[in-house]
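Let me begin by presenting the structure, written as structure tokens, before commenting on it.
The values are calculated or read from the model by the stated rules, or taken from the named source; none is laboratory data. Just so we're clear, the structure is a prediction, and the values are computed from it rather than from any experiment. Virtual Cβ from ideal backbone geometry, glycine too; neighbours counted across all protein chains shown. To get the accessible areas, we keep the full protein, side chains included, count just its heavy atoms, and leave off ligands, DNA and RNA. Shrake-Rupley method; radii C 1.70, N 1.55, O 1.52, S 1.80 Å.
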Amino acid sequence: MTTFKDLGLNPAIQQALDELGYQDPTPIQEEAIPQLLGGHDVIGQAQTGTGKTAAFGLPLLQYLDPENNEVQAIVMTPTRELCIQVTQALRSMAEHLDIEIVAVFGGAPIRSQQSQLRSGAHVVVATVGRMMDLMNRRSLVLTAARYVVLDEADEMLDLGFIEDVEKILRMCPSGRQTALFSATMPPPIQKLAEGYMYDPVTISITPKTLTVDAIQQAFVEVPAKEKTARLIELLKIEEPEQAIIFCRTKIGATRLERALKDKGLDVKALHGDMSQGSRDGVMIAFKDHRVKLLVATDIAARGLDVEHVTHVINFDVPNSSESYVHRIGRTGRVGRTGRAITFVTPAERDEIGRIERDVNTKIGEWESPEERLEHAPAPRRRERRPRREREETPEPEAVKDDAVKDDAETEDVPEREAEAVAATNGTAEPSADADNDSDGDGEKPATTKLFVNRGERSGIDEEDLRWALREGAVLPDEAVHDVRVLHRFSFVEVDPDQAERTVEFLDGTKLKGKEIRLEVAKS
Ligand code: AMP
């Protein structure tokens, strides 16, 4: 089996991979990385969850010359969620390289993005519309962009960006290297590849080799008008820690969210009709475990990378096998098992057979846990730990890891600080939406808490952080609710719809000469 070492990545990149805990390359990485390092154009038919970001990102980072301050590489993404996700992934892989990675996306002030570009960017990760805008304003010049990535190209097509993508490709040097990643290859994408890529190598990670094996799949046959009641019943029995429930339409998602809320369930909707701010708020709340159930449409949930989703429920049967794989890939992420349950009406019953054939999998009829226990061979029985025990099992906490890695290799966390962290982490966080008062704390304004890896020990005080929020993240003072500086790290609370942007703008920047890392604090 190929290891990352065999792939010939440079030591600084290898070190970052070790720190990220990537032991072996995933199939798409194993195949794509040597081709891209060899200078070939690559078409990667793969979706989120396969490790595609590192598949194009590692050769990209290896290609860059830190001494050259031009934009040498661009990554185009269809949505701003994916743009931010890719930027964060690249930054973590570039931890030990002297490389500037700038994200530009719609919905954030263009002026600060222009100034970031002026300060120098080796790589620009961008949504298509904002990239066009910045090029038209001459803030972004692509004459040296010789490494070009199109991520989730089919999604760009669905969202109507293909013409702009072509315009951007025409502005890049003709001798460039192009990587195109797409879950599906509809004819317009094939045409794009033919027109703008040079002799591409196609690497296809078929649904079979996706994480489907780690996912227990089942279907429920139910008449359309009984679906909601059945879902509520099923949720009670299955007790998901977190679940994504997929609906076909935005209206359907809104309706279902309301029905579940009426039953007192902890649920939020995520669909394309919502403002970008509320979408971000919902995403953060869900990633942060402050929301248990997410009712989503396919487009809105695309690219959503959440580690701890235990269940995916297809409330409406997906309209293609690709979509099925894509949806259920949201659970059973690297090394975990998950459950995927698909609702079909009697008229849709044949869809299950079709998916089974296309994906080469088996989808049995849903059974209650008791039935499952009766039928399962002993070692495969699903352990159902009592609720209390589950709640008390600590989650692996990115926040703590970072603090340890960055600031205190040998020291223990001082007592008072441990208490402060416990106290702040344990606070019932108001959810991102002001209308949610499920924790009974309706008076507190809705905020999102961010963790900052620096504190007093690094010579940072409250005023410094407020300055960074104001000047670096361009936040108005009223969007900042609380700044608490502890010995080794700090917490700031901001408006939920500003949280992602604050992280994006400040994470990896310097404050008082020290690099600061920000992330949404885990509750
Ligand atoms: P992606 O398909 O790029 O969205 O990646 C899906 C998830 O897999 C992300 O959380 C990555 O951090 C993780 N990942 C990517 N490559 C590896 C690897 N070689 N080993 C372990 N985890 C990985």
Rough spin-label spacing in nm, given labels placed 7 Å along Cα→Cβ, for residue 119 and residue 478: 2.7
Residue 348 to residue 239: FRET efficiency via 1/(1 + (r/R0)^6), r the Cβ-Cβ distance, R0 25 Å, to the nearest 0.05? 0.40
Calculate, for residue 65 and residue 357, the FRET efficiency according to 1/(1 + (r/R0)^6) with r their C-beta to C-beta distance and R0 51 Å; round to the nearest 0.05. 0.55
Scattering profile of the range 135-263 at q = 0.09, 0.15, 0.18, 0.20 Å⁻¹ [log10 I(q)/I(0), Debye over alpha-carbon scatterers]: -0.50, -0.88, -1.02, -1.16
Taking Rh as the Kirkwood radius, which is the inverse of the mean 1/r over Cα pairs, what is the Rg/Rh value for the range 197-294? 1.07
Computed over the range 4-205: relative contact order in percent, which uses C-alpha pairs under 8 Å that are six or more apart: 30
Between residue 225 and residue 112, what is 0.36 nm times their sequence separation minus the Cα-Cα distance? Round to one decimal in nm. 35.7 nm
Dimensions in Å of the range 63-143 - Rg and Dmax from alpha carbons: 11.7, 33
Taking Cα atoms of the range 4-205, Rg/Rh with Kirkwood Rh, to two decimals? 0.93
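Grab the Cα-Cα distance for residue 275 and residue 470, subtract it from 0.36 nm times how many residues apart they are, and report the gain in nm with one decimal. Show your work: numbers first, answer last.
Details: separation 195, 0.36 × 195 = 70.20 nm, distance 2.35 nm.
Gain on extension, residue 275 to residue 470, equals 67.8 nm.
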Whole-percent carbon and sulfur share, accessible surface of the range 4-205, 1.4 Å: 45
For the range 209-366, take N as its residue count and report Rg(C-alpha) divided by 2.2 N^0.38 Å. 0.96
Potential lengthening between residue 198 and residue 258 on full extension [0.36 nm per residue; Cα-Cα distance subtracted]: 16.6 nm
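Could you tell me which of the pairs 236/362; 236/261; 225/263 are separated by over 19 angstrom between their Cα atoms in the structure shown?
Over 19 Å apart, Cα to Cα: 236/362.
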What trypsin sites (Lys or Arg not before Pro) does the range 103-166 have in DSSP loop regions with at most 14 other beta carbons within 10 Å? 137, 138
Can you compute the FRET efficiency between residue 248 and residue 159 using 1/(1 + (r/R0)^6), with r the Cβ-Cβ distance and R0 = 22 Å? Round to the nearest 0.05. 0.80
In nm, to one decimal, how far is the modelled label at residue 457 from the one at residue 171, with both set 7 Å along Cα→Cβ? 4.5
